[in-house]
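Since the structure comes first, as structure tokens, the remarks are kept for the end.
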């Protein structure tokens, strides 16, 4: 623990495992105070891969394969052990004594998420969500009180259980005088808009469109699987934008839907990329031209969303970029050039390393729950009211 | 809320749904103080049946049928809604204002339980347990902080996650001078032995053998499904004990295993009953004779366990009977006759109605967790240490 001014910060570990099931992101954070004066910083962040057979089991179960109560029960316990191990390993790596950790926040592994009722694969589904990775096991292995499973409480009050990170953006970036937008360019691009002096109900968030999803898919295709992304935009930089393709892409109906809105692989996944590749073949465009055009497309969808839905509603002075896109100089340059009078910066520059951002977010959400404060953002999730998120599992008495 | 002496009791609702998935038992309790001076009483108890299709889904999923993450996710949310409804309906029925309920404890619906690693249906299973019925939904519907999912925390410290009720027996029946045994005669018979002035580590618990399981199965068979149990022992009372059958039954290896031990349908289920029925046919015994012999068998297994494993280890003055067996005058009379110097009474006589006992137990376990006190009994579950059970879900802010 660390003393700082009149208050004492506590050390909180955040754990996140995304839908790609690559592994467990661990963030070690120091958190202090309470909103509107909450302060948080990442001390350390790392990632720990899942064993291959575990990743395969997660993906199979999450992709809707036949399973059983026994398999899901076991997987919940197995992932609890792996999450607990990840905390222990990360703390050892960074020489952080486990006894100095006051709290753990664990998102868990999503194996089903249906934010609102709908038909999936021909079957009607009620809204529900299922995150596994038994928090009671994390608490027992680490000796640290663990809060897990944050989404159901938002859904219980009518929300979609997602996105939850915008509230953390709000806590981190709210400012009495400066309006800010937190932009995450992951597979999908999403923004949290925080007007100057905003209260929670004044914050809004939505998906701008594709982030790196198309660029990454194109790189895998053109490199025959050797490259997973366009490092430093090196490949795109050797190509040129094809304006007629860019115009075509920007005409997509999604960009004219008013927020709140969200998108994913359904819109911008493999089939979409395939059409781009075919367009390139037909028009004899070079692969680097297609990647350059897709890169420009991602930047322009953000600029487009800014002019349509952000600038008219809030005076924003700063754009804070996180996610893989923050490492793409073409995207960053295009944003800076197009958004006149807006300072474009990265979350890393503000002390939040891009890669630990989500795990860090769940450390902060756990901190809020531990203090029995609501941490959903109804304007982002659609919830009818605020909710205190997560389930508290106390560590065994020492 | 109720004021009582210098302390204030709080109202806690307990929810239980057993493996038969008949429905939801609801107990409304007043609880006061802390161990060793915890006091608790049931104010009201009721049961609410599951809709038939829900019961069928639970049994199918719990019996190992192919399922999916989507189905289990949805069932978790659906049961959460039904548990929440059950609290609201019970409170309306008893004119208990929801706002007067301080806390809810919900066991949930077990859809998988493997207390220790083993092979089930040819497949190796690690220890794990899965109770569903989303507590975040119960908390949102009722506006009451809800603690659910009590078993994983005990398993996380090496226990079998069961039985959990012995600790409640201990809290309710411990006495500085009087040794007591709490006997539950449900499908299986089980005892919690509480020596005079015992500390938690001095309490032990085990399954004595069949409770009503064989009697009930015989009644269903002989009545061609019309009768589910032998009301008031009316049928058995018309028959006679066949001593050679009784001797045969008492020779079962199970009764010579030293506690802790547990049994279930694997030993005393349908196949076992079938052999009794065949014995009766072969020896031309009347159905009433077989039921009478089975009734006597249940009582004698308890007496046998008493002489072998209880009397040598503790001085017991009182036997407190709960469960359906407490309504069976033959069993009660046989226990009273065989246990010289022991007062045989019912939990109802001590203020705990037999039928609400388990739901009441989870109200008490939630109360203990709410106060961050350990509530597992390592001598009963095999855990390596004490554990604070359950997951706390706070109600949304009002």
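All of the numbers you see were taken from the coordinates with simple rules; none came from a lab. Everything numeric here is computed off the predicted structure, so don't read it as measured data. Cβ coordinates were reconstructed from backbone atoms using ideal geometry, including for glycine residues, and neighbour counts include every protein chain displayed.
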(message) Let me confirm one metric for peptide A:105-111, namely the mean number of other chain beta-carbon atoms within 10 Å of its residues' beta-carbons.
(response) 1
(request) Mind sorting B:46, B:301 by how few other Cβ atoms lie within 10 Å of their own Cβ, fewest first? (result) B:46, B:301
(message) How much of the DSSP bridge set in the range A:75-195 is antiparallel, in percent, rounded to the nearest 5?
(response) 80
(request) At q = 0.12, 0.18, 0.23 Å⁻¹, what is the base-10 log of I(q)/I(0) for the range B:104-182 according to the Debye formula with one equal point scatterer per Cα and no solvent? Please give it to two decimals. (result) -0.50, -0.87, -1.04
(request) Please work out the FRET efficiency for the pair residue B:223 and residue A:371, using the Cβ-Cβ distance as r and a Förster radius of 51 Å; give the result to the nearest 0.05. (result) 0.30
(request) Ratio to report: Rg/Rh of chain A, with Cα atoms as the point set and Rh obtained by the Kirkwood method; give two decimals. (result) 0.96
(request) Taking a label point 7 Å out from Cα toward Cβ, give me the nm distances from residue A:271 to the same spot in the other copies, shortest first, one decimal. (result) 5.1
(message) Test of understanding: express the Cα radius of gyration of the protein assembly as shown as a ratio to 2.2 N^0.38 Å, with N the residue count.
(response) 1.09
(request) Can you give me the P(r) profile for the range B:177-272? Cα pairs, bins 10 angstrom wide beginning at 0, each as a whole percent. (result) 14, 37, 32, 15, 3
(request) Let me know the mean shielding of A:137-148 by other chains, meaning the per-residue number of their Cβ atoms within 10 Å of its Cβ. (result) 3
(request) Could you please tell me the mean projected area of the C-alpha convex hull for the range A:147-223, averaged over all directions and given in square nanometres to one decimal? (result) 7.0
(request) Quick one: check the C-alpha center-to-center distance for the range A:371-398 versus the range A:153-232, whole angstrom. (result) 20
(request) Calculate for chain A the 222 nm mean residue ellipticity that helices alone would give, adding -39,500 (n - 2.57) per DSSP H run of length 4 or more and normalising by residue count, nearest 500 deg cm²/dmol. (result) -10500 deg cm²/dmol
(request) For the range A:243-398, calculate the relative contact order in percent as a whole number, restricting contacts to Cα pairs under 8 Å that are 6 or more residues apart. (result) 16
(request) For chain A, with a Gaussian network of springs between Cα atoms less than 10 Å apart, report the residue from A:283, A:327, A:49 with the top mean-square fluctuation. (result) A:283
(message) Neighbour counts of other C-beta atoms within 10 Å: give me A:155, B:332 arranged from fewest to most.
(response) B:332, A:155
(request) Please find, in a Gaussian network model of chain B (springs between Cα atoms separated by less than 10 Å), the residue of B:295, B:19, B:192 whose mean-square fluctuation is greatest. (result) B:19
(request) Report the semi-axes of the equivalent ellipsoid for the range A:290-340 in whole Å, largest first, where each axis is √(5λ) for an eigenvalue λ of the Cα gyration tensor. (result) 20, 12, 9
(request) Compare B:65, B:156, B:45 in a GNM of chain B, Cα atoms joined below 10 Å, and give the one with the largest fluctuation. (result) B:65
(message) To check you understand DSSP bridge types, tell me what percent of the beta bridges within chain B (both residues inside) are antiparallel, rounded to 5.
(response) 70
(request) For a label point 7 Å from the Cα of residue A:178 along Cα→C-beta, name the residues of the range A:330-358 whose backbone N is under 16 Å from it. (result) A:341-352
(request) Compute the normalised compactness of the range B:42-105: alpha-carbon radius of gyration over 2.2 N^0.38 Å, N being the residue count. (result) 1.37
(request) Sort B:116, B:47, A:17 so the one with the fewest other Cβ atoms within 10 Å of its own Cβ comes first. (result) B:116, B:47, A:17
(request) Within 10 Å, count the other beta carbons around each residue, average over each peptide in A:27-33, B:333-339, B:386-392, and list them highest first. (result) B:386-392, A:27-33, B:333-339
(request) Among DSSP beta bridges whose residues both lie in the range A:1-149, state the antiparallel percentage, nearest 5. (result) 75
(message) Using a 10 Å cut-off around each Cβ of peptide B:153-160, what is the average number of partner chain Cβ atoms that fall inside?
(response) 5
(message) Along the Cα→Cβ direction, 7 angstrom out, place labels at residue A:315 and residue A:98. What is the inter-label distance in nm?
(response) 5.2
